[in-house]
Amino acid sequence: MKNVISTLVALALLAPLNLLASTWAIDPDHTTAQFKVKHLMISNVKGVFEKVTGTLNLDDQDITKSKVDVSIDMASLNTNIKKRDDHLRSPDFFDIAKFPHMTFTSTRVEQAGPGKLKVTGNLTLKGVTKPVVLDVEGLTPEIKDPWGNMRRGAAATTTVKRHEFGVNWNKTMDNGGVVVGEDVAIQLEVEFVRK
């Protein structure tokens, strides 16, 4: 009887810890992955990847133990100009027939101030994996939507060098500049639903 009581007490003590860990799915209908890059050295071209999926394993007790995995469907690229989108999907840029997804898997989560995180992880694009750091605003407190789902949100930004991922196409202009800039700014607006 003493062993049974000890076991029940231990389970009761562990229960709150289990409540502090949760799994959240990215809601693709309320998530965007945007990018912008210099065009002709004078303006920015923006685009969006419309299909983003993934999972957040969240530890509310110790946020640094949390983990996120994201997958972006490269065919969902949209810059609102079909000819440009077709070129970006081609082997000159993303070669989506060979590399249909871009992925991010976190390796470290750090507090970076009130409501801010630095999430380091491996970004894989066009078969090349490199570490990148996302500057994250949020994670918001969880709320219940009108349909009973628990939700949270976050925003993240980073900048990558496209040639580091084998995205090298370019043309030189008469003034010595290039058609496409090297730095690509990425902005994520993510909404999560508790599983």
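Please determine, by comparing only the residues of the range 124-142 that are under 15 Å from SER66 (Cβ atoms) and β-branched (Val, Ile, Thr), which one is surrounded by the fewest Cβ atoms within 10 Å (Cβ to Cβ).
The residue in question is THR140.
From the list GLU137, GLU110, which residue is in contact (Cβ under 8 Å) with a residue 24 or more places away in the chain, part of a strand (DSSP E or B) and either among the aliphatic types (A, V, I, L, M) or on the phi < 0 side of the Ramachandran plot (or both)?
Details: GLU137 fails: in contact (Cβ under 8 Å) with a residue 24 or more places away in the chain.
Testing whether each residue is in contact (Cβ under 8 Å) with a residue 24 or more places away in the chain, part of a strand (DSSP E or B) and either among the aliphatic types (A, V, I, L, M) or on the phi < 0 side of the Ramachandran plot (or both) leaves just GLU110.
Which one is surrounded by the most Cβ atoms within 10 Å (Cβ to Cβ), of the residues in the range 143-174 that are over 30 Å from LEU88 (Cα atoms) and either aliphatic (A, V, I, L, M) or within 15 Å of the chain's Cα centre (by Cα) (or both)? Break it down into steps so the answer makes sense when it comes.
First, the residues of the range 143-174 that are over 30 Å from LEU88 (Cα atoms): 143-152.
The next check asks that each one be either aliphatic (A, V, I, L, M) or within 15 Å of the chain's Cα centre (by Cα) (or both); those that pass are 143, 150, 152.
On the way: ILE143: 10, MET150: 14, ARG152: 19.
Residue satisfying both the conditions and the ranking: ARG152.
Which condition breaks for ILE72 when tested against (1) in contact with a Phe, Trp or Tyr (Cβ under 6 Å, 6 or more places away or on another chain); (2) in contact (Cβ under 8 Å) with a residue 40 or more places away in the chain; (3) part of a strand (DSSP E or B)?
Checking ILE72 against (1) in contact with a Phe, Trp or Tyr (Cβ under 6 Å, 6 or more places away or on another chain); (2) in contact (Cβ under 8 Å) with a residue 40 or more places away in the chain; (3) part of a strand (DSSP E or B), the one that fails is (2).
Restricting attention to the range 41-60, and to residues there that are in contact with a strand residue (DSSP E or B) (Cβ under 8 Å, 6 or more places away or on another chain) and outside any strand (DSSP E or B), which single residue is farthest from GLU182 (Cα to Cα)?
To start, the set of residues in the range 41-60 that are in contact with a strand residue (DSSP E or B) (Cβ under 8 Å, 6 or more places away or on another chain) comprises 41, 44-60.
Then drop every residue that is not outside any strand (DSSP E or B), which leaves 41, 50-51, 60.
Numbers: MET41: 10, GLU50: 23, LYS51: 24, ASP60: 38 Å.
So the residue we want is ASP60.
Quick note: the coordinates plus some simple rules give every number you see, no bench work behind them. Here the structure is a predicted model, which is why all the values come from computation and not from measurement. We place every Cβ from the backbone using ideal geometry, glycine too, and count neighbours over all the protein chains shown.
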